[in-house]
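The values are calculated or read from the model by the stated rules, or taken from the named source; none is laboratory data. As the structure is a prediction and not an experimental result, all values here were calculated from the model. Cβ sites come from the backbone with ideal geometry, for glycine too, and all protein chains shown count toward neighbours. SASA here: full protein model, heavy atoms, side chains in, ligands and nucleic acids out. Shrake-Rupley method; radii C 1.70, N 1.55, O 1.52, S 1.80 Å.
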Amino acid sequence: MKQPFAIILAGGRATRMGGGDKGLLPLGGTTLLDQVLERTLPQVAAAAINANGDPARFAQFGLPVLADPLEGFVGPLAGVLAGLDWAAQEGAETVVSVAADTPFFPCDLTARLVLATEGMETPLALAATPDGRHPTFGLWPVALRHDLRAALEGGLRKVVQWTDAHGAATAMFDGAGDPFFNVNTPEDLARAQAMQKAQT
């Protein structure tokens, strides 16, 4: 398998943070998105950001900014589809998705997702912890992008409904703490800042 590309899912509406781009919130002297990219880029061949609206607000990162390919807010699967369409144009076979508001995700995410799909004809996998699956962290095959587009156009919105239909594998992460802790509220951001200080 070629090294996957990555799509950073930054298209959420951040309603519990009062709107705006969660990825641009400050953390440890940089931003959430800076920290997500610091973990993502060493694991993949190339990366792009999925976000709607004016792409210029992400210009500092020097990456392609891909809008959802479907009208209306249809959730993270639309961002995955944007990444798959871009990866197909670039000749990639798979895409790893990560969330822009999850700054401490595992540095071996891609390797573990790829390993989980060993022997699969169409490599599809989601990350999981003992608490359950984390559907914004997955490995997605470019070969299924047309199927995904048809499902979204047909009204499907739940990630696991589509992945289960295609027999997705699971990559289990069961270390200490919550590796997929994400920032949804101001309180979460304060907790992330405390976690950041504890690590330095």
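Just one of Arg57, Arg39 is part of a helix (DSSP H, G or I), under 20 Å from Leu139 (Cβ atoms), modelled with pLDDT of 90 or more and basic (Lys, Arg); which is it?
Within the list Arg57, Arg39, the selection yields Arg39.
Identify the single condition in (1) modelled with pLDDT under 95; (2) over 21 Å from Pro179 (Cα atoms); (3) over 13 Å from the mean Cα position of the chain (by Cα); (4) surrounded by 20 or more Cβ atoms within 10 Å (Cβ to Cβ) that Ala51 does not satisfy, given that it satisfies every other one.
Of everything listed in (1) modelled with pLDDT under 95; (2) over 21 Å from Pro179 (Cα atoms); (3) over 13 Å from the mean Cα position of the chain (by Cα); (4) surrounded by 20 or more Cβ atoms within 10 Å (Cβ to Cβ), Ala51 misses just condition (3).
Among the residues of segment 99-139, which ones are in contact with an Asp or Glu (Cβ under 9 Å, 6 or more places away or on another chain), surrounded by 22 or more Cβ atoms within 10 Å (Cβ to Cβ) and more than 19 Å from Asp188 (Cα to Cα)?
Once the filter is applied, which keeps residues that are in contact with an Asp or Glu (Cβ under 9 Å, 6 or more places away or on another chain), surrounded by 22 or more Cβ atoms within 10 Å (Cβ to Cβ) and more than 19 Å from Asp188 (Cα to Cα), segment 99-139 yields only Pro123.
Regarding segment 8-30, can at least one residue be identified that is touching a Pro at 6+ places or on another chain (Cβ under 9 Å), under 21 Å from Ala128 (Cα atoms) and either open to solvent by 60 Å² or more (accessible area, probe 1.4 Å) or in a strand (DSSP E or B) (or both)?
Scanning segment 8-30, I find at least one residue that is touching a Pro at 6+ places or on another chain (Cβ under 9 Å), under 21 Å from Ala128 (Cα atoms) and either open to solvent by 60 Å² or more (accessible area, probe 1.4 Å) or in a strand (DSSP E or B) (or both), so the answer is yes.
Could you tell me which numbered condition Val65 fails, if it satisfies all but one of (1) touching a residue at least 40 places away in the same chain (Cβ under 8 Å); (2) more than 30 Å from Ala198 (Cβ to Cβ); (3) open to solvent by less than 50 Å² (accessible area, probe 1.4 Å); (4) touching a Phe, Trp or Tyr at 6+ places or on another chain (Cβ under 9 Å)?
Every listed condition holds for Val65 apart from (1).
So how many residues does segment 60-77 have that are in a loop (DSSP other than H, G, I, E, B) and closer than 27 Å to Thr163 by Cα? Talk me through it step by step, then tell me what you get.
Initially, segment 60-77 is screened for residues in a loop (DSSP other than H, G, I, E, B), giving 62-64, 67-75.
Then drop every residue that is not closer than 27 Å to Thr163 by Cα, which leaves 64, 67-75.
Adding up the residues that qualify gives 10.
Since Arg191 meets every condition but one in (1) under 26 Å from Thr94 (Cα atoms); (2) surrounded by fewer than 19 Cβ atoms within 10 Å (Cβ to Cβ); (3) out of contact with any strand residue (DSSP E or B) (no Cβ under 9 Å at 6 or more places or on another chain), which condition does it not meet?
(1)
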